[in-house]
Each structure stands twice: as structure tokens, then as C-alpha cells.
Amino acid sequence: MQVEYINPFIISAIEIFEKVAKIELKKSNLTVKKGTTPENEISIVIGLSGDFMGQVVYSFKRHTAQRVVSCMMPNASADKQMAYMESAISSMANMITGRATILLAGKEKIIYITPPTVAISAKTEMKYSDIPTLSTEFTSRFGTLQINVAIRPK
Amino acid sequence: MASILLADDISFIKLVQKEVLEKGGFTVIGEASDGIEVVEMYKKLKPDVVIMDITMPRMDGLNAMRAILRMDSNARIIICSALGQQQLIIEAIKAGARDFIVKPFDPGRLNLAIQKALK
């Protein structure tokens, strides 16, 4: 996978976290992985089709996800934040992926994305593609976020 | 007071949209989670405006919009999607969308799109 394909996801993650949750993300690490198995308990998987294909996996520790959601819903009760946690984190992944596809598609290509799938458990094994995965980690005041991108043009 | 039907598979998005719309003086009369459900709810509820995502299970928003417009060519449908690619916006407007809002959306932009669609 070419490094340039992950840049739209890095730009979009920083932008969307700032706009939606007022959280500053800092890119800390970029690695090539064989698989896309995420490192943390909460993972959101979004597939790409159309002029690009593959998958993107967002991975959070539970306490990081909870704190991100508290910033997305600052006026909601703790119970409501818990009730909407998976959905709010999914919406974040959806918006980051959507924004990244605008940058990847340019003026002529069309890229579709799947509804987000949430997986909750430590070290979820995910085998779905032979595309090499580029994994980038971000730090924030609430912990780390990992984005694993395994995509290629059709 | 204009009646609004929401369609998005992500419940958090519908929660935010509902809060924004109710503050703006609109009434949300239904919430669908996929394309088939929004078509069925449109038949029953006949809302003034539909706010619809593109990426949804079972039937996507563009096909759901086409199905609603086949039933009611005057249906007012606004697409609200994270997929803001130029080609998709053109496709949605050509298919009959009254407006296209890219997520994350500004509350004022959503209210303005509805007011424009109602004129």
C-alpha cells in the first residue's frame, strides 16, 4: 500500500476530532503491519468500494472512547453518554473516513463506504485482505487512537 | 410547524439532528435506520422534508431517495452524508435531492437547507 493513501486519513482524523470533540490529536507513529488486528478493545471497521477498495479499522482503549464521547456530548448525562458510546464513536469513524474519501477521490473518482461495524474485545483478530496495512497512532489528552488503513485503487 | 423524517443508521447522528431541528422549530415525526425503512415510513407519515444519509444498510440513501421520488415526485429530500465527493454530490442533486450537507454539519446549515426546501 502506498504511504500517500494514509495521508487523507491522518489529515481528516485531526480535523474531525478538533471540530466534533474539540480534541487535539498528534500523530506519533507510522508502521507497516502484516495484518490489521487492532491493539485496543474497541474497534470500528469501515469498508471501501468503488474506485478504491479495502478496509479501515479505528481502534480505541475503552477509557479513551468514553472520554472522547464525553467531549462529543458535553451536556448529556453520564448514562446517556454510555448509551450512545458505540454510536458516537462510529459516527466519528464515519466522518473521518468520509472526509478522507473526498481527498482520495478528487474530482472524478467515486468511493463508497460501508456502515461502521463495532467490535468490542481486546486484540480482535481481523483477516479480510491481503493488502499491506499502514497503521498510524495518534496521541491526545485522553489516550491514543490507532488507525489501520489497508486500501488500494480498484 | 414543518414535519421532518430522519434516516441514518447511526443513532448518535439522529440524536444530534433531532436536537438541532427541534431548537430550530421543526418537528421530527419519524426516525429510520436504513433505506427500506425510510421508504416505508415516508409512505405512512408523508413528512414535509426527509433528511437522509447515503451510507445505510439494506438500501443506500440514493436508492431510497429514488424510490421515494417515484412515489411522490414532490418529495423534499436533503442528503446529509460524510461522503462529500464531488461526483456523489452531482449524482444526488441530479437524482432529485434538494440539497447536500456534508457531515459534520453546522446547525445553521441544516436549518437553512430545510427552510430553502420548504419554499
Is the shape of region B:3-118 best called rounded, prolate or oblate, per the rule: a/c under 1.5 gives rounded, else a/b larger than b/c gives prolate, else oblate, with a ≥ b ≥ c the square roots of the Cα gyration tensor eigenvalues? rounded
Simple spin-label estimate for residue B:118/residue B:90, 7 Å along Cα→Cβ, in nm, reads 3.3
By how many degrees, 0 to 90 and rounded to 10, does the Cα axis of helix A:62-72 deviate from the longest principal axis of chain A? 80
In the neighbourhood of residue B:41 defined by beta carbon distances under 11 Å, the net charge of the other residues (Lys, Arg +1; Asp, Glu -1) is -1
Can you give me the accessible area per residue for region B:3-118, using a 1.4 Å probe, in Å²? 40
How many percent of the accessible area of chain B is carbon or sulfur, using a 1.4 Å probe? 50
Distance (nanometres) between label positions extended 7 Å along Cα→Cβ at residue B:23 and residue A:83: 2.0
Probe 1.4 Å, protein heavy atoms only: B and A together bury a total accessible area in Å², to the nearest 100, of 2000
For labels at residue A:62 and residue A:130 in the simple 7 Å Cα→Cβ model, what's the distance in nm? 3.8
Quick check: residue separation of residue A:75 and residue A:22 times 0.36 nm, minus the Cα distance between them. What number comes out in nm? 17.7 nm
Region A:69-100 and region B:57-119: distance between their alpha carbon centers, rounded to Å: 23
Run the numbers on region B:10-30: which residues show a drop of 50 Å² or more in accessible area, chain on its own versus all protein chains together, using a 1.4 Å probe over heavy atoms? B:10, B:12, B:15
Out of the total accessible area of chain A (probe 1.4 Å, heavy atoms of protein only), what percent is carbon and sulfur? 52
Please state the relative contact order of chain A as a whole percent: Cα pairs under 8 Å, 6+ residues apart? 42
Could you give the Stokes-Einstein D for region A:3-153 in µm² per second, using the C-alpha Kirkwood radius, 37 °C, 0.692 mPa s? 214
Any idea of residue B:46's accessible area? Nearest 10 Å², probe 1.4 Å. 120
Cα axis of helix A:7-16 to longest principal axis of chain A: angle in degrees, 0 to 90, nearest 10? 20
Helix by helix through chain B, keep the DSSP H runs that span 24 Å or more along the axis on Cα and average at least 1.6 on Kyte-Doolittle, and give those back in order. none
Accessible area per residue in Å² at 1.4 Å probe, computed on region A:3-153: 44
Using alpha-carbon coordinates, inclination of helix A:85-105 to the longest axis of chain A, degrees: 30
Which net charge results for the neighbourhood of residue B:62, defined as the other residues with beta-carbon distances under 11 angstrom from its beta-carbon, given Lys and Arg at +1 and Asp and Glu at -1? -1
As a test of reading the structure, rank B:18, B:119 by solvent-accessible area (1.4 Å probe, protein chains only), most first. B:119, B:18
Using heavy-atom solvent-accessible surface (probe 1.4 Å) with all chains present, what is the largest-first order of A:58, A:5? A:5, A:58
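The values are calculated or read from the model by the stated rules, or taken from the named source; none is laboratory data. Computed from a prediction, not measured in an experiment: that's the story for all the values here. Reconstructed Cβ throughout: ideal geometry from the backbone, glycine too, with neighbour counts over all protein chains shown. When the accessible area is computed, the model is the full protein with side chains, heavy atoms only, and any ligands, DNA or RNA have been set aside. Shrake-Rupley method; radii C 1.70, N 1.55, O 1.52, S 1.80 Å.
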